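Here's the structure we're looking at; comments come further down.
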Amino acid sequence: MTLDPITIVVRYKIKKKKLAKATSAISEYVEQVKKTESGTTEYHVFQDEDDRTLFVHVMSFTDKAAKKTHEKSVHLKQLKKVLVPISKGKAVYTSLARVKPTKPIENTGEIKKDAPSHEPV
């Protein structure tokens, strides 16, 4: 039995005049996460296209121990020292659970005409 990874999303806003400082610190931080945290299987940071002050971190951990290692890391403490003073409001943390199918998916191999497609146009 394989366990689902622990996935967390963090959203926060940065003061406009401090965006360069924030993006530099975030870039260094993500590099350290990828170099030193083998239990962190995924770490991505996004910046909202319309509101450049809004950042979203998406991270996945193999298990609770990997999550705890991440939470206690020196590089996370350093990032917080930079970001907390230049943030607008508090960060919002959301734990995500994978949606599992409620019934088996049948694959008939048949392609229906006029079926909606998820392929790029």
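Annotations
- Which numbered condition Thr40 misses (of (1) more than 16 Å from Ala66 (Cα to Cα); (2) buried (at least 18 other Cβ atoms within 10 Å of the Cβ)): (1)
- Count of the range 27-37 residues which are surrounded by 15 or more Cβ atoms within 10 Å (Cβ to Cβ) and hydroxyl-bearing (Ser, Thr, Tyr): 1
- Only listed residue being under 16 Å from Lys15 (Cα atoms) and out of contact with any Asp or Glu (no Cβ under 7 Å at 6 or more places or on another chain), chosen from Val82, Val45, Val30: Val82
- Applying a threshold of 6 Å to beta carbon distances and a minimum spacing of six or more residues, or different chains, the list of pairs starting in the range 47-58 at a residue that is among the hydroxyl-bearing types (Ser, Thr, Tyr) and ending at one that is not in a loop (DSSP other than H, G, I, E, B) reads Thr53/Lys13; Thr53/Ile14; Thr53/Lys16.
- Residues (assigned to a helix (DSSP H, G or I) and exposed (fewer than 11 other Cβ atoms within 10 Å of the Cβ)) located in the range 72-93: Val74, Lys77, Lys81, Pro85
- Any chance Lys100 is within 21 Å of Asp4 (Cβ to Cβ), free of Cβ contacts under 8 Å to residues at least 24 places away in the same chain and of a type outside the set (Val, Ile, Thr): yes
- Residue-level check: of (1) touching a helix residue (DSSP H, G or I) at 6+ places or on another chain (Cβ under 9 Å); (2) surrounded by 15 or more Cβ atoms within 10 Å (Cβ to Cβ), Lys17 misses just (2).
- Failed condition for Thr69, given (1) touching an Asp or Glu at 6+ places or on another chain (Cβ under 7 Å); (2) in contact (Cβ under 8 Å) with a residue 40 or more places away in the chain: (2)
- Failed item, numbered, when Ser24 is tested on (1) hydroxyl-bearing (Ser, Thr, Tyr); (2) closer than 19 Å to Ser87 by Cβ; (3) surrounded by 13 or more Cβ atoms within 10 Å (Cβ to Cβ): (3)
- Checking the stated criteria, Thr53 turns out to be more than 16 Å from Ile8 (Cα to Cα), modelled with pLDDT of 95 or more, among the β-branched types (Val, Ile, Thr) and surrounded by 16 or more Cβ atoms within 10 Å (Cβ to Cβ).
The values are calculated or read from the model by the stated rules, or taken from the named source; none is laboratory data. The structure displayed is predicted, hence computed values, not measured ones. Using ideal geometry, Cβ is built from the backbone for each residue, glycine included, and neighbour counts are taken over all protein chains shown.
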